[in-house]
Each structure stands twice: as C-alpha cells, then as structure tokens.
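Working notes, structure below.
The values are calculated or read from the model by the stated rules, or taken from the named source; none is laboratory data. If you're wondering where the values come from, they're calculated on a predicted model, not measured in any experiment. Cβ placement follows ideal geometry from the backbone for every residue including glycine, while neighbour counts extend to all protein chains displayed.
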Amino acid sequence: MLLTRRNLSKTLLFGTITAAAGHARTSQAAEPRRGGTLNLVIQPEPPILVSLTHTAGPTTRVSPKITEGLLTFDLDFRPRPQLATDWQVSDDGLRYTFALRRGVKWHDGRDFTSADVAYSISLLKQHHPRGRGTLSSVREVETPDAHTATIALDKPAPYLLAALTASESPIVPRHVYEGSDPLNNPNGRAPIGTGPFVFKEWQQGSHIILERNPTYWDPGKPYLDRIVVRFIADANARAVALETGEIHLAPDTPVPLGQIEALKSNPALLIETRGYDYQPIVYRLEFNLANPYFAKREVRAAVAHAIDRDAITRVVFYGWGRNAPSAISPALKQFHNPDIPRHDFDPKKAEALLDAAGYPRGPDGIRFKVFHDYMPYSEAYQQLGAYTRQALANIGIGVTLRAQDVPTWFKRTYTNRDFDFMSNGMSNSFDPTVGVQRLYWSKNFKPGVPFSNGSGYSNPEVDRLLEAAAVESDPARRRELFKAFQVIVATDLPDVNLVTGANLTIANRKVRDHTTTIDGPSANFADVWLEA
Amino acid sequence: MSTMTRLAKVLRRTTLQAVPTVIGIVILNFLLLQLAPGDAADVLAGESGSATMETVAALRARFGLDQPVLVQLIAYLDNLAHFSLGFSPRYNLPVSDIIAQRLPGTVILMLTALALALAFGITLGTVMATYAGRWPDRLISVGITLFYSIPGFWIGLMLILLFSVKLGWLPSGGSGTIGTTVSGFALVIDRARYMVLPALSLALFYIAIYSRLTRAAMLDAQTQDYVRTAAAKGLSPFAITFGHVLRNALLPVTTVAGMHLGGLLGGAVVVETVYSWPGLGRLAFEAVMSRDFSVLLGILLLSSLLVIIANVTVDLVQAWLDPRIETR
C-alpha cells in the first residue's frame with residue numbers, strides 16, 4: 001500500500017507539497033537572461049569535487065553543479081524533483097519508490113538509469129561519512145525497470161528523503177566507478193555527472209572552470225555559459241574582489257562579520273541570509289564532564305546564567321544571528337522546542353550557585369581557574385572565546401584562552417580529552433537524528449572522533465528518546481520525542497547552546513535567483529542568471 | 001689556474017657537501033613534523049563533519065599513519081631513493097604532480113621579485129653612495145626605512161586598494177585572466193599585469209636591504225687604495241664608480257641575495273595569500289594546516305635544494321667576481 005504524495009508530505013512534516021514540478025521563483029519578476037560567466041568564490045579549496053566520499057563544506061558547494069541528486073528542497077524545505085520526478089513512501093515507512101527522469105544523459109553521453117541510482121546508494125552507504133549512518137538501514141535498492149528505483153529499508157528512516165539532495169547524496173555514474181576504489185577514482189578530480197554544468201578544468205590553488213551543459217535535461221537551462229569557481233585564501237582579498245566586481249557571489253560568510261557593514265554600503269552588493277537552513281550551525285559551550293568543576297551541575301548552570309546571548313549576537317556576530325538555547329536549532333522549525341528550562345542571563349544567580357557549590361571567591365576574587373579551547377575556525381570563534389572569558393570573570397571564574405590550529409584543537413579536545421571546556425559550532429544538519437544525536441548520544445562518546453559527543457554526556461533517557469526518534473515514522477510522535485529530549489538536555493546542561501545563524505552570502509546585484517533552495521549555495525545553479 | 005678550473009673546483013666541493021646536507025634535512029624535517037599534534041586523518045575526519053571510529057581508522061590506514069614512526073620514515077626514504085616524493089591521499093595525486101603544478105608560479109614570482117629588488121636596490125644604493133649625506137641620500141633613506149619596516153601583507157593590501165579598488169588599473173589577485181584564449185605577446189602582457197603588485201610587495205623589503213648594503217659597501221670601497229689609484233690614472237668618475245667601486249661592492253650584495261632566496265619563499269606565503277597567487281607558499285601553508293606531511297616534506301626538500309643551489313650559484317658568482325676567493 002503506497003501513500004500519495006499529499007499524505008507523504010504529512011509523514012515528513014515538510015508542509016504540503018504542491019504538484020508543480022517547476023522551481024518556486026523568488027519575487028524577482030524579471031525574465032531570466034541567457035549567457036555570461038558567474039565568478040563564484042569558495043574557501044578553502046576543496047580536496048575533491050564530488051561529495052561522495054568526502055563532505056567538506058567547499059566540496060558540497062561545487063559538487064551539485066556537476067553531479068545531481070534525486071531531490072532538491074525549496075526554501076521552505078519542501079521536496080522538489082531533480083533526477084526523481086515522482087516519489088512515494090509505503091505506509092510502514094520501509095519502501096521509498098522513485099520514478100526517475102527520462103532522457104537524462106551523463107556528460108560522457110551514456111544514459112542515466114536506475115542502475116546508477118542503485119550503485120550510488122550502495123557507494124554512499126559504504127563510503128560517505130554520513131551515509132554510513134543515514135543509509136545504514138538500507139537493505140537494498142530494487143530496480144524493476146530502467147526508470148524506477150525502490151529503496152527498501154530494514155527499519156524506518158524518517159530523515160531519508162531530506163538526505164537525498166545533490167550535496168548530501170550525489171548520484172554518480174556507475175560505469176565510471178564500477179570495479180574501482182571509489183576513494184581513488186579519478187572522477188573525484190574530474191567529475192562526470194548529469195548536472196547543468198560540465199567540469200572543464202581545475203587549476204590547483206587558483207580556480208575551477210565549469211561549462212554550460214548544452215544537452216541538459218531541462219531545456220533552456222542553465223542560463224549561465226560558465227561558472228568560474230575561484231579560491232581566495234585571504235578574507236581581505238575576498239572583500240576587495242567583491243568590491244571591484246571580480247567576484248559575483250561569495251557564500252559561507254566570506255569576510256569577517258565586522259566588515260559586512262562596510263560592504264553593505266556598496267550599492268552593487270547585497271547580503272543574503274537564506275540558504276543555510278539545510279546545515280544550520282549552532283554555536284555552543286561544551287563542558288568536559290570529567291572536569292572536577294564542570295562535573296557539578298550547579299557550576300554548569302552558573303556558567304549558563306553568566307552568558308548573555310544577546311550580547312554574543314551583538315558583539316561576536318554583529319547582529320547576524322539569533323538566540324538558540326535549545327539543543328535543536330530554531331532553523332529546524334518542526335523539531336525545535338522553544339519551551340525548555342531557561343537559564344537566563346543573571347550573574348547574581350550564577351554567583352549564588354557557585355557559592356552553594358562550594359566555590360567561594362578567593363582573596364583575589366577568583367573562585368577557580370580553567371582553560372578554554374575555542375574552535376580555531378574563524379575570527380568569530382576567537383571573539384566568542386574572548387566574550388566567554390570576560391563573562392565568566394564577572395562571576396569569579398578565571399578563564400585562560402588557548403589558541404591553536406585546527407589539528408591541534410582536534411587532538412586536544414576530542415582525542416586526548418585534555419580540556420576543561422570549549423566553544424564550537426556544530427551543524428544540526430537537515431535532521432536532528434543526523435546532526436544532533438551525535439552530540440548527546442552516549443554511544444557516540446568516542447574519543448578520537450571529531451565532532452562526536454564531546455562532553456562525555458550520558459543519560460539513558462536521552463539515549464532512549466534519540467534512538468526511538470531515529471526510527472519513529474509518525475511525525476507527531478517523533479516531534480514529541482525530540483521536544484522531550486531538548487527539555488532533558490536543557491536541564492542536564494552538558495553544553496550551553498548559544499546562537500544560530502550568522503552564516504550569509506554576499507552577492508553582486510547582477511546575480512539573480514542565486515538562493516532558491518534550502519541549501520542555497522549548494523543548489524545546481526541551473527536557475528541562476530546574470531543581468532546584462 | 002684558469003677561471004674555468006677554479007669554478008669547476010668550487011662546484012665539485014659544494015656539490016659534495018650538498019648530499020649529506022639534504023639527507024640530514026629530510027630526516028630532521030620528518031622527525032620535526034612528528035611533533036605537531038594531530039594528523040591528516042584528524043583533519044579530514046573533522047572536515048567531513050561526521051566521522052565514526054571506523055572512518056577515522058580507515059583514513060589513518062590509508063595515509064599509513066597507523067605504522068610506527070620509524071617504519072614511516074624508512075618508507076619515505078625508500079620512496080625518495082626511487083625518486084618519488086610519495087603520494088598525497090588528500091589530493092589523491094602524486095606529490096611531485098602537485099608541486100609541479102605550483103612550482104612555476106612561485107619560481108617566477110620569486111625571481112621577478114629578486115630581480116626587481118636587485119635592480120632597484122643596487123640603483124638606489126649607488127645613488128645614495130654617490131650623494132652620501134646630501135638630500136637625495138636622505139630622501140631615499142626615509143623611503144627605504146619605510147619599505148623595511150612595513151609588513152609585506154599591509155603593503156600588499158594598500159597596493160591593492162590603490163591600484164585595483166581606487167584606480168582600477170590592475171587586477172586584485174590571481175595569476176592570469178581565467179579562461180583567456182589570448183596567446184603570444186598578449187598573454188605575456190596579461191600575466192605581467194597580474195605579476196606587478198605581488199612582485200612589488202615581495203620586493204620592497206629586499207630593495208631596502210640591498211640599497212643600504214650597496215650604499216655601505218660602496219662607501220667602504222671608495223676609501224680603498226685602488227680607487228685612489230684609478231682616480232690618479234685619470235679615469236672618469238663614471239668608470240670609477242661602475243668599474244671599481246660598484247664591482248667590489250657587489251660581493252656582499254650577492255652573498256646576502258643568495259641567502260634571501262630561502263627567505264623569499266617564506267615571504268611568498270604571505271604575498272601569495274594576499275594576492276591569491278597559486279604558488280608553493282600557499283600550498284605549504286595549506287599542507288601544514290591539513291597535516292598533509294607528504295606534500296609538506298616534498299616542498300621542504302625542494303626548498304632546501306633550492307637554497308643549496310642558490311648557495312652554489314653565489315659561490316660561483318663570487319669566485320668569478322673576485323679571483324682571490326679560493327676553495328678552502
């Protein structure tokens with residue numbers, strides 16, 4: 001028994017799916033113009049150009065232009081057709097059937113068929129860093145004919161559809177990968193896909209050139225003749241290239257947030273904050289629960305009360321962000337629980353808690369001293385660390401910041417666990433089971449694995465809720481499980497969730513329709529066009 | 001002893017000394033890099049955002065990082081003995097290919113900058129020595145003190161602001177127009193437009209050094225007996241300055257310039273970053289940040305070879321400039 005697409009939408013809680021196959025245009029009414037070269041900047045340079053075995057941010061920005069996925073999602077997180085034209089989910093949530101687009105050709109001229117889909121799903125399940133988890137319950141992919149593929153599951157995976165975008169689950173050509181080691185396959189450096197753009201050249205350290213695919217399955221698209229993806233390592237140089245018009249589009253907060261105001265005054269540029277809800281980042285303080293001070297809940301609560309999220313948004317993120325005290329980001333609207341035990345900014349209460357915990361102020365005004373390791377990814381993290389030091393100094397906790405490079409930080413925090421507390425930013429991903437569970441699930445406390453459960457948090461009830469939500473196919477019940485989970489985490493405080501958002505795209509006004517999907521810069525860019 | 005045999009002797013001696021130096025450098029580099037916390041598997045696992053125990057272990061096995069350090073070192077030396085710089089699992093390419101892609105960019109930039117620095121430095125130094133204590137000397141002194149003390153990245157940014165943003169004369173970054181189809185002379189012009197600002201940013205510091213050095217050495221040479229002799233012979237001031245004073249003053253400049261070749265590579269990291277120049281300096285920096293040690297060791301080996309070659313060249317040039325310099 002199969003569900004209709006209308007019922008399916010309820011299953012996924014993505015809202016009603018309209019039957020229309022086309023893209024939802026933004027309010028811009030102008031008629032798209034053919035032609036032109038889009039200069040896109042990404043940073044840093046990706047190590048590989050297909051997000052099959054590697055999921056670094058820059059890779060997921062380039063890969064979908066060449067290699068497509070089964071689905072895409074509009075700005076409201078509703079599924080839209082890409083390589084799949086229609087899809088149905090069985091009542092028990094164990095069979096996902098996809099009708100595949102006909103007449104699609106790989107860039108080398110071969111036909112795209114269901115065999116490619118089946119092969120890609122099996123590659124993703126074995127080799128994709130997240131695919132091992134999200135696709136773990138895939139038993140097999142049935143291919144009754146060349147244009148139908150059915151994913152059969154052992155147990156429900158309610159997040160599966162959301163994982164089938166081009167950036168998360170690219171569909172790669174079977175004839176290129178078959179019989180080779182996918183990690184070393186040359187396709188990673190010179191990909192062949194079905195996408196609107198064909199790979200032309202990659203000059204290490206400088207740029208990638210993508211050319212228009214003249215035989216793209218969507219007639220008339222893409223509008224652009226060419227995309228030049230440039231790598232500009234220095235943030236100031238990126239700002240200059242945007243000012244001079246050498247760069248048209250710069251996703252992933254290309255310049256420090258403090259410089260955005262200056263760029264905003266340039267009439268040729270605009271700031272786009274949409275297009276980041278597929279991987280919403282939540283900035284947080286994470287305690288090492290093995291630390292004698294932070295092992296005490298009162299101390300963690302005191303830290304939570306000492307932090308002013310509004311000040312962080314203002315000082316660290318220059319207003320580009322919003323408060324996110326829950327374990328699930330408000331960007332994941334259907335799962336976010338705003339109604340959790342609150343620890344509002346209240347330094348007096350924080351001091352009282354510390355007094356009660358047995359840490360009175362010493363003669364020098366300091367209760368105890370700890371080290372703080374901020375994630376060394378950008379200036380914002382450094383400022384977040386500086387804010388934390390100051391906020392905790394106010395309640396008598398002496399904090400020493402430790403600066404280090406990324407590998408050293410990984411080694412110290414996740415591998416050696418030689419830290420007191422840290423600040424970091426974690427993607428909640430497109431679904432809490434994929435992006436949030438890893439941070440709180442006791443079975444994911446794995447020293448040596450970056451971005452696992454870093455606090456060492458273990459609560460059997462949280463484990464139960466997360467494990468139940470991972471296989472719950474009833475959306476309402478699943479939502480309740482996640483809401484209960486957020487209440488417990490906000491009570492136990494293994495971490496203090498601070499703010500989300502703060503990621504943005506800077507675009508030249510000549511570039512139109514650049515943000516039309518939930519994963520904005522990771523769209524295939526078939527719809528992007530340049531004004532004359 | 002003829003000039004040729006003298007030079008051959010210098011060449012043979014320095015080459016013999018170079019071999020153990022290179023081997024020592026390789027082993028030292030390898031061991032030093034082991035001290036850096038974290039490894040390439042940590043970085044790749046972190047980049048992918050959602051690793052598991054199995055993926056990290058698989059990465060480590062693929063990079064050969066699960067082997068004892070000594071085994072890794074022997075494997076690396078074995079590769080080198082077969083004239084292979086190894087393989088970078090991160091880029092999925094042989095290290096020699098990666099370096100070969102980047103080397104020309106950096107070498108061209110370095111040599112252009114060095115040539116600019118020598119040309120301007122020696123010219124300015126000569127002017128300063130000729131007008132020592134008078135206003136041209138003072139004026140140039142102030143200028144080069146600024147060049148010496150202002151950091152290269154700041155000069156780079158200011159040059160970009162002036163010539164790219166305000167005036168719009170020159171591109172702000174890159175090494176050539178991407179996807180251009182021009183060739184021949186037009187291509188040279190295109191490349192040169194991209195080269196001007198980075199080469200100048202890199203050269204300014206060295207212009208300051210060479211001009212000071214030339215000035216001091218020339219003033220020193222001017223007091224020598226052979227200069228007085230030349231003047232007594234009735235040579236023109238021009239012939240004295242260029243034939244006797246400058247030629248002798250060049251010795252310390254060539255020595256220092258040779259030593260700077262290594263320093264230029266270091267300065268190239270900053271300039272290549274500011275100007276998005278696809279060179280070796282950036283590659284080295286990225287290799288450190290991603291703990292891609294096979295690439296980094298390759299670059300370090302190449303740089304040490306470069307420095308050794310530069311030293312040999314300096315030795316040869318000096319032997320040619322001053323016949324009194326003999327092999328010890």
Residues of region B:266-289 being crowded, with 24+ Cβ neighbours inside 10 Å, part of a helix (DSSP H, G or I) and more than 7 Å from every other protein chain (Cβ to nearest Cβ), which ones?
-> B:268, B:271, B:272, B:280, B:281, B:284, B:287
Qualifying residues in region A:485-514 (those that are of a type in the set (Asp, Glu) and surrounded by fewer than 22 Cβ atoms within 10 Å (Cβ to Cβ)) - the one farthest from residue A:327 (Cα to Cα) = A:513
Within region A:375-399, of all residues that are more than 14 Å from chain B (Cβ to nearest Cβ) and part of a loop (DSSP other than H, G, I, E, B), the one farthest from residue A:310 (Cα to Cα) is A:396
Give the residues of region A:434-443 that are within 11 Å of chain B (Cβ to nearest Cβ) and either buried (at least 24 other Cβ atoms within 10 Å of the Cβ) or not in a helix (DSSP H, G or I) (or both), sorted by residue number.
-> A:435, A:437, A:438, A:439
For residue A:105, work out the one condition from (1) within 30 Å of residue A:250 (Cβ to Cβ); (2) in contact with a Ser or Thr (Cβ under 8 Å, 6 or more places away or on another chain) it doesn't fulfil.
-> (1)
Do you know which of the residues in region A:257-274 that are in contact (Cβ under 8 Å) with a residue 60 or more places away in the chain and either within 14 Å of chain B (Cβ to nearest Cβ) or surrounded by 23 or more Cβ atoms within 10 Å (Cβ to Cβ) (or both) is farthest from residue A:523 (Cα to Cα)?
-> A:263
Failed item, numbered, when residue B:165 is tested on (1) of a type in the set (A, V, I, L, M, F, W, C); (2) modelled with pLDDT of 85 or more; (3) more than 19 Å from the chain's Cα centre (by Cα) = (2)
Complete set of residues in region B:224-265 that are under 15 Å from residue B:131 (Cα atoms) and either in contact (Cβ under 8 Å) with a residue 24 or more places away in the chain or outside any helix (DSSP H, G or I) (or both) = B:241, B:245, B:246
Leading residue by the ranking (farthest from residue A:78 (Cα to Cα)) among those in region A:326-374 that are basic (Lys, Arg) and in a loop (DSSP other than H, G, I, E, B) | A:361
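Tell me the residue from B:19, B:43 that is closer than 26 Å to residue B:302 by Cβ and either within 14 Å of another protein chain (Cβ to nearest Cβ) or over 23 Å from the mean Cα position of the chain (by Cα) (or both), please. Can you show your working first?
Numbers: B:19 fails: either within 14 Å of another protein chain (Cβ to nearest Cβ) or over 23 Å from the mean Cα position of the chain (by Cα) (or both).
Of B:19, B:43, the one residue that is closer than 26 Å to residue B:302 by Cβ and either within 14 Å of another protein chain (Cβ to nearest Cβ) or over 23 Å from the mean Cα position of the chain (by Cα) (or both) is B:43.
Go through region A:417-433 and give me each residue that's of a type in the set (Ser, Thr, Tyr) and within 11 Å of another protein chain (Cβ to nearest Cβ). Write out each step before concluding.
Applying the first criterion (of a type in the set (Ser, Thr, Tyr)) to region A:417-433 yields A:423, A:427, A:429, A:433.
Those that are of a type in the set (Ser, Thr, Tyr) and within 11 Å of another protein chain (Cβ to nearest Cβ): A:427, A:429.
Is it the case that residue B:236 is more than 23 Å from the chain's Cα centre (by Cα) and more than 14 Å from chain A (Cβ to nearest Cβ)? Can you show your working first?
Values: more than 23 Å from the chain's Cα centre (by Cα): yes; more than 14 Å from chain A (Cβ to nearest Cβ): yes.
When the stated conditions are applied, residue B:236 passes them.
Here are A:228, A:240: which of them is in contact (Cβ under 8 Å) with a residue 40 or more places away in the chain and of a type in the set (A, V, I, L, M, F, W, C)? Reasoning before the result, please.
On the way: A:240 fails: in contact (Cβ under 8 Å) with a residue 40 or more places away in the chain.
Result: A:228 is the single residue among A:228, A:240 that is in contact (Cβ under 8 Å) with a residue 40 or more places away in the chain and of a type in the set (A, V, I, L, M, F, W, C).
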Restricting the search to region B:73-91, which residues are touching a residue at least 24 places away in the same chain (Cβ under 8 Å) and either β-branched (Val, Ile, Thr) or farther than 26 Å from residue A:203 by Cβ (or both)?
-> B:73, B:76, B:77, B:80
Just wondering, is there one or more residues in region A:400-416 that are touching a Ser or Thr at 6+ places or on another chain (Cβ under 9 Å), part of a helix (DSSP H, G or I) and away from chain B (no Cβ under 14 Å)?
-> no
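So which of A:193, A:220, A:205 ends up being outside any strand (DSSP E or B), more than 10 Å from chain B (Cβ to nearest Cβ) and touching a helix residue (DSSP H, G or I) at 6+ places or on another chain (Cβ under 7 Å)?
On the way: A:220 fails: touching a helix residue (DSSP H, G or I) at 6+ places or on another chain (Cβ under 7 Å); A:205 fails: more than 10 Å from chain B (Cβ to nearest Cβ).
Among A:193, A:220, A:205, only A:193 is outside any strand (DSSP E or B), more than 10 Å from chain B (Cβ to nearest Cβ) and touching a helix residue (DSSP H, G or I) at 6+ places or on another chain (Cβ under 7 Å).
Here are A:79, A:158, A:182, A:144: which of them is closer than 26 Å to residue A:57 by Cβ and either free of Cβ contacts under 8 Å to residues at least 60 places away in the same chain or touching a His at 6+ places or on another chain (Cβ under 9 Å) (or both)? First the steps, then the outcome.
On the way: A:79 fails: either free of Cβ contacts under 8 Å to residues at least 60 places away in the same chain or touching a His at 6+ places or on another chain (Cβ under 9 Å) (or both); A:158 fails: either free of Cβ contacts under 8 Å to residues at least 60 places away in the same chain or touching a His at 6+ places or on another chain (Cβ under 9 Å) (or both); A:144 fails: closer than 26 Å to residue A:57 by Cβ.
Being closer than 26 Å to residue A:57 by Cβ and either free of Cβ contacts under 8 Å to residues at least 60 places away in the same chain or touching a His at 6+ places or on another chain (Cβ under 9 Å) (or both) holds for just one of A:79, A:158, A:182, A:144, which is A:182.
Do you know which of the residues in region B:28-76 that are acidic (Asp, Glu) and assigned to a helix (DSSP H, G or I) is modelled with the highest pLDDT?
Filtering region B:28-76 for residues acidic (Asp, Glu) gives B:39, B:42, B:47, B:54, B:66.
Keeping just the survivors that are assigned to a helix (DSSP H, G or I) gives B:42, B:47, B:54.
Numbers: B:42: 81, B:47: 77, B:54: 78.
So the residue we want is B:42.
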Could you pull out the residue among A:290, A:327 that is touching a residue at least 12 places away in the same chain (Cβ under 8 Å), surrounded by fewer than 17 Cβ atoms within 10 Å (Cβ to Cβ) and either farther than 18 Å from residue A:421 by Cβ or among the small types (Gly, Ala, Ser) (or both)?
-> A:290
Single unsatisfied condition, residue A:453 versus (1) surrounded by 22 or more Cβ atoms within 10 Å (Cβ to Cβ); (2) away from every other protein chain (no Cβ under 14 Å) | (2)
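Go through B:246, B:306, B:251, B:302 for me and flag whichever is more than 14 Å from every other protein chain (Cβ to nearest Cβ), at pLDDT 80 or above, touching a Leu at 6+ places or on another chain (Cβ under 8 Å) and over 30 Å from residue A:203 (Cβ atoms).
On the way: B:246 fails: touching a Leu at 6+ places or on another chain (Cβ under 8 Å); B:306 fails: over 30 Å from residue A:203 (Cβ atoms); B:302 fails: over 30 Å from residue A:203 (Cβ atoms).
Being more than 14 Å from every other protein chain (Cβ to nearest Cβ), at pLDDT 80 or above, touching a Leu at 6+ places or on another chain (Cβ under 8 Å) and over 30 Å from residue A:203 (Cβ atoms) holds for just one of B:246, B:306, B:251, B:302, which is B:251.
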Taking region B:290-305 and keeping residues assigned to a helix (DSSP H, G or I), surrounded by 21 or more Cβ atoms within 10 Å (Cβ to Cβ) and small (Gly, Ala, Ser) leaves B:294, B:298
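Search region A:42-57 for residues being under 13 Å from residue A:521 (Cα atoms) and more than 9 Å from every other protein chain (Cβ to nearest Cβ), and hand back the single one that is modelled with the lowest pLDDT. Please lay out each step first, then the result.
Taking region A:42-57 and keeping what is under 13 Å from residue A:521 (Cα atoms), we get A:42-43, A:57.
With the extra rule that they be more than 9 Å from every other protein chain (Cβ to nearest Cβ), the set shrinks to A:42-43.
Numbers: A:42: 93, A:43: 86.
In this case the residue turns out to be A:43.
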Looking for whichever is at pLDDT 85 or above, more than 11 Å from chain A (Cβ to nearest Cβ), in contact with a Ser or Thr (Cβ under 9 Å, 6 or more places away or on another chain) and within 18 Å of residue B:207 (Cβ to Cβ) here; the options are B:145, B:112, B:123. Which one fits?
-> B:123
With respect to residue A:446, is the statement that it is under 19 Å from residue B:55 (Cα atoms), buried (at least 19 other Cβ atoms within 10 Å of the Cβ) and facing chain B (nearest Cβ under 8 Å) true?
-> no
If you check residue B:212 against the conditions, is it away from chain A (no Cβ under 14 Å), among the basic types (Lys, Arg), out of contact with any Lys or Arg (no Cβ under 8 Å at 6 or more places or on another chain) and surrounded by fewer than 21 Cβ atoms within 10 Å (Cβ to Cβ)?
-> yes
Considering every residue within region A:333-353, establish whether at least one is surrounded by fewer than 19 Cβ atoms within 10 Å (Cβ to Cβ) and among the small types (Gly, Ala, Ser).
-> yes
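Does residue B:221 meet the test of being under 19 Å from the mean Cα position of the chain (by Cα), crowded, with 19+ Cβ neighbours inside 10 Å and assigned to a helix (DSSP H, G or I)? Full working, then the answer.
On the way: under 19 Å from the mean Cα position of the chain (by Cα): no; crowded, with 19+ Cβ neighbours inside 10 Å: yes; assigned to a helix (DSSP H, G or I): yes.
No; evaluated as a whole, the condition is false for this residue.
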